[in-house]
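Below: one structure, written as structure tokens.
Only the coordinates and a few stated rules stand behind these numbers; no lab work does. Fair warning: this is a prediction, and the values are worked out from it, not measured in the lab. Cβ placement follows ideal geometry from the backbone for every residue including glycine, while neighbour counts extend to all protein chains displayed.
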Amino acid sequence: FIALLPFLYYGVAHSTVVQIDPQAPVIWLGEPLLFKAVKWMTIGTLPEGADIVIHPMGMAAWFGMLATALNLMPFGQLDGGHIAYAAFGPRSKYVSMVTLAIAISLTFWSLSWISMSIMLTAMAWFLGFGHPYVIDEHEPLDTRRKAIALFALIMFILCFTPVPVEIF
């Protein structure tokens, strides 16, 4: 996440603002909150009917944000699932269930979620929603670890986009 920040800034700052032809076919990449913030700081408010053609460095950062968001989803054996387990203990299985339900719901909104929904469903089927036993799982998190979990949640929120890719 921290490594992608300078690449995101450089990529957005070197992107080109263009007028969009409403009749032309385009591939639209969803804009996570972090992307929107960097775009606003570097380019400002775009005129009506305009968008940016993203620089390749910005495209790489966008994929980095997508990978970060997917990995930080609070589900099972993903890193976000491990963090949820550390924070909530055995109750994290309910967080995983809600995450799967949301991913499946997002599939009805955008088909770009179908592969992630299938993967999460397969993980739930083969591995279940529970988490492997941890030796010191009853020991509460200290303040430092709670801060790290909160930072991971913030990273997830900044990098998540409900519609990653659309083709018009």
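Determine the gain in length on full extension of the stretch Ala13-Thr45; use 0.36 nm per residue of separation and subtract their C-alpha separation, reporting nm with one decimal.
10.2 nm
Regarding segment 62-115, what's the average projected area of the Cα-atom convex hull, expressed in nm²?
3.8 nm²
Could you go through segment 112-118 in sequence order and give the Karplus-derived ³J(HN,Hα) for each residue, using 6.51 cos²θ - 1.76 cosθ + 1.60 with θ = phi - 60°, rounded to whole Hz, and x for Gly and Pro?
Karplus values, whole Hz, x for Gly and Pro: 5, 8, 4, 5, 5, 5, 5.
What 222 nm value per residue comes from the helices of the chain, counting each DSSP H run with n ≥ 4 as -39,500 (n - 2.57) and dividing by all residues, nearest 500 deg cm²/dmol?
-18000 deg cm²/dmol, from helical runs alone.
So if R0 is 22 Å, what FRET efficiency would Glu137 and Gln77 give, r being the distance between their Cβ atoms, rounded to the nearest 0.05?
So the FRET efficiency works out to roughly 0.90.
Which FRET efficiency, nearest 0.05, do Asp21 and Phe63 yield, Cβ-Cβ r, R0 25 Å?
E between Asp21 and Phe63, to the nearest 0.05, is 0.45.
Using alpha carbons only, how many degrees (0 to 90, rounded to 10) separate the axis of helix 143-159 from the longest principal axis of the chain?
40 degrees
Could you work out how much longer the chain between Trp28 and Ile157 gets when fully extended? Use 0.36 nm per residue separation minus the Cα distance between them, nm to one decimal.
Result: 44.4 nm gained on full extension.
Suppose R0 equals 25 Å; then what is the FRET efficiency for Leu127 and Glu166 from their Cβ-Cβ distance, rounded to the nearest 0.05?
That pair, Leu127 with Glu166, gives E of 0.20.
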